[in-house]
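Input: a single structure, listed below in structure tokens.
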Amino acid sequence: MNDSDKTILLVSHDRQLLADTANKVVAIESHGAWSHGGSFTGWAEAREARKTRIDDEHKRWETERKRLENHMRVMKCRAASNSANASRARAAETRLRHFDEAGAPEEKVTDQNVSMQLAGGRSGKRVVMAEQLELTDLTFAFDLELWFGDRIAVVGHNGTGKSHLLRLLAGDEIAHGGTWRLGANVVPGLFSQLHTHPEWQGRTLLVLLMEQNLARGSAMSRLRRYELSDQAEQAWDTLSGGQQARFQILLLEIGGANLLLLDEPTDNLDVASAEALELGLASFSGTVLAVSHDRWFLRSFDQFLVSQDDAEVVLTDSMAEV
């Protein structure tokens, strides 16, 4: 892409792709769009500087309007007691009207404010123990041991068994050989890449949350934290992919999982939501095993389980080997 002499317009939430290729970023906001004339690596800083500038302009505008309004009121009071001040009062009123007609500065930036509070909880030191585990027709046998607090990314090409491994550890019936087991007090929670939950079809988010023994007020509070309160009465299957992803993460939060099995969790998330997930995982007390092709997201992991094209599965602590 960088070698092309053509103009390329691409829509993407892939932060690494944007950082590697884009030399201009157009951000769509609720009231319009703005352009950052540089790489995505400097976009967040530029957006924050723009937000600060607009906030300052609004403060100055509000201060000046208040001054003009107060001046007009004073002059009108003086004109009421002395007609010699009538022309000054009219002039003050005209200045305020012209000021309002010129309009306020551009609309303030409204940040998406998603807060993911993935608490987790203690489990035994050894979380997953697998010996000569083989995913039928997908991998050769491999050993795997996960310890409490591990952050391991599962990487590899499509069709190499990554999602099957997560589903197996979540308790799904997956054809395999060898043995595996979870450690003491391990509570797994699976995030499904495909958002396949036929049991949720036609059911609203509020109903699904209240079935988790949440009172209506508590359910609405959590939906607000995930910026889903407007979708409270909306059916699961009518949500966008990003909204479904956020709701799945919310259910993981409520379920108290201390082993997160995340299958492409950032695939449908916008930039703000992906950053919120990263912050949530940083404070999460537990173990994380995540399948991802998102190179920006992968930077937060310290070990990588590589599912290779030759069906071998190897563990490495170097992203350079991924």
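The values are calculated or read from the model by the stated rules, or taken from the named source; none is laboratory data. Values in this document were obtained by computation on a predicted structure and should not be read as measured data. Because the Cβ atoms are built from the backbone with ideal geometry, glycine has one as well, and the counts that use them run over all protein chains shown.
Take the stretch 53-86 and flag every residue that is charged (D, E, K, R) and farther than 17 Å from His98 by Cα.
Taking the stretch 53-86 as the starting set, the residues that turn out to be charged (D, E, K, R) are 53, 55-57, 59-60, 62, 64-67, 69, 73, 76, 78.
Correct list: Arg53, Asp55, Asp56, Glu57, Lys59, Lys76, Arg78.
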Inset, instruction - For the stretch 256-266, name all the residues that are more than 23 Å from Glu145 (Cβ to Cβ) and either surrounded by fewer than 21 Cβ atoms within 10 Å (Cβ to Cβ) or of a type in the set (Asp, Glu) (or both). - result: Gly256, Glu264
Legend entry - Checking Val114 against (1) surrounded by 13 or more Cβ atoms within 10 Å (Cβ to Cβ); (2) among the β-branched types (Val, Ile, Thr); (3) in contact (Cβ under 8 Å) with a residue 24 or more places away in the chain; (4) more than 30 Å from Leu259 (Cα to Cα), the condition it does not meet: (4)
Inset, instruction - Filter the stretch 98-123 down to residues that are in a loop (DSSP other than H, G, I, E, B) and closer than 30 Å to Met72 by Cβ, then give me how many there are. - result: 6
Inset, instruction - Could you check Leu269 against (1) assigned to a strand (DSSP E or B); (2) modelled with pLDDT under 95; (3) crowded, with 17+ Cβ neighbours inside 10 Å and say which number it fails? - result: (1)
Inset, instruction - Among the candidates Ala44, Ala49, single out the residue that is part of a helix (DSSP H, G or I) and farther than 20 Å from His13 by Cβ. - result: Ala49
Inset, instruction - Identify all residues within the stretch 251-266 that are in a helix (DSSP H, G or I) and of a type in the set (D, E, K, R); write none if there are none. - result: Glu253
Inset, instruction - Examine the stretch 183-203 for a residue that is modelled with pLDDT of 90 or more, closer than 25 Å to Thr110 by Cα, within 21 Å of the chain's Cα centre (by Cα) and among the hydrophobic types (A, V, I, L, M, F, W, C), and state whether such a residue exists. - result: no
Inset, instruction - Can you confirm whether the stretch 298-305 contains a residue that is at pLDDT 90 or above and under 13 Å from the mean Cα position of the chain (by Cα)? - result: no
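Can you find a residue in the stretch 38-48 that is of a type in the set (Val, Ile, Thr) and either surrounded by fewer than 11 Cβ atoms within 10 Å (Cβ to Cβ) or in contact with a Pro (Cβ under 7 Å, 6 or more places away or on another chain) (or both)? It would help to see each step written out before you state the result.
In the first step, residues of the stretch 38-48 are kept if they are of a type in the set (Val, Ile, Thr); the result is 41.
After this cut, where a residue has to be either surrounded by fewer than 11 Cβ atoms within 10 Å (Cβ to Cβ) or in contact with a Pro (Cβ under 7 Å, 6 or more places away or on another chain) (or both) as well, the list is none.
Taking every residue of the stretch 38-48 in turn, none turns out to be of a type in the set (Val, Ile, Thr) and either surrounded by fewer than 11 Cβ atoms within 10 Å (Cβ to Cβ) or in contact with a Pro (Cβ under 7 Å, 6 or more places away or on another chain) (or both).
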Inset, instruction - Go through (1) of a type outside the set (D, E, K, R); (2) modelled with pLDDT under 85; (3) under 26 Å from Ala245 (Cβ atoms); (4) loosely packed, with under 15 Cβ neighbours inside 10 Å and name the single condition Ser4 misses. - result: (3)
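What number of residues within the stretch 47-73 are under 27 Å from His293 (Cβ atoms) and either among the aromatic types (Phe, Trp, Tyr) or at pLDDT 90 or above (or both)? Show your work before the answer.
First pass over the stretch 47-73, keeping only residues under 27 Å from His293 (Cβ atoms): 47.
Okay, now just the ones that are also either among the aromatic types (Phe, Trp, Tyr) or at pLDDT 90 or above (or both), so none.
Of the residues in that region, 0 qualify.
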Inset, instruction - Might you check whether a residue that is closer than 30 Å to Glu145 by Cβ and either in contact with a Lys or Arg (Cβ under 7 Å, 6 or more places away or on another chain) or in contact (Cβ under 8 Å) with a residue 12 or more places away in the chain (or both) occurs anywhere in the stretch 214-237? - result: no
Inset, instruction - Restricting attention to the stretch 9-37, report how many residues are farther than 20 Å from Asn268 by Cβ and exposed (fewer than 13 other Cβ atoms within 10 Å of the Cβ). - result: 9
Inset, instruction - Count, please, the residues in the stretch 194-230 that happen to be of a type in the set (Val, Ile, Thr) and surrounded by 14 or more Cβ atoms within 10 Å (Cβ to Cβ). - result: 2
Inset, instruction - Output the residues belonging to the stretch 281-309 that are surrounded by fewer than 20 Cβ atoms within 10 Å (Cβ to Cβ) and either of a type in the set (Gly, Ala, Ser) or free of Cβ contacts under 8 Å to residues at least 12 places away in the same chain (or both). - result: Ala282, Ser283, Ser285, Ser300
Inset, instruction - Say whether the condition of being farther than 29 Å from Ala49 by Cα, free of Cβ contacts under 8 Å to residues at least 24 places away in the same chain and out of contact with any Ser or Thr (no Cβ under 8 Å at 6 or more places or on another chain) is met by at least one residue in the stretch 96-111. - result: yes
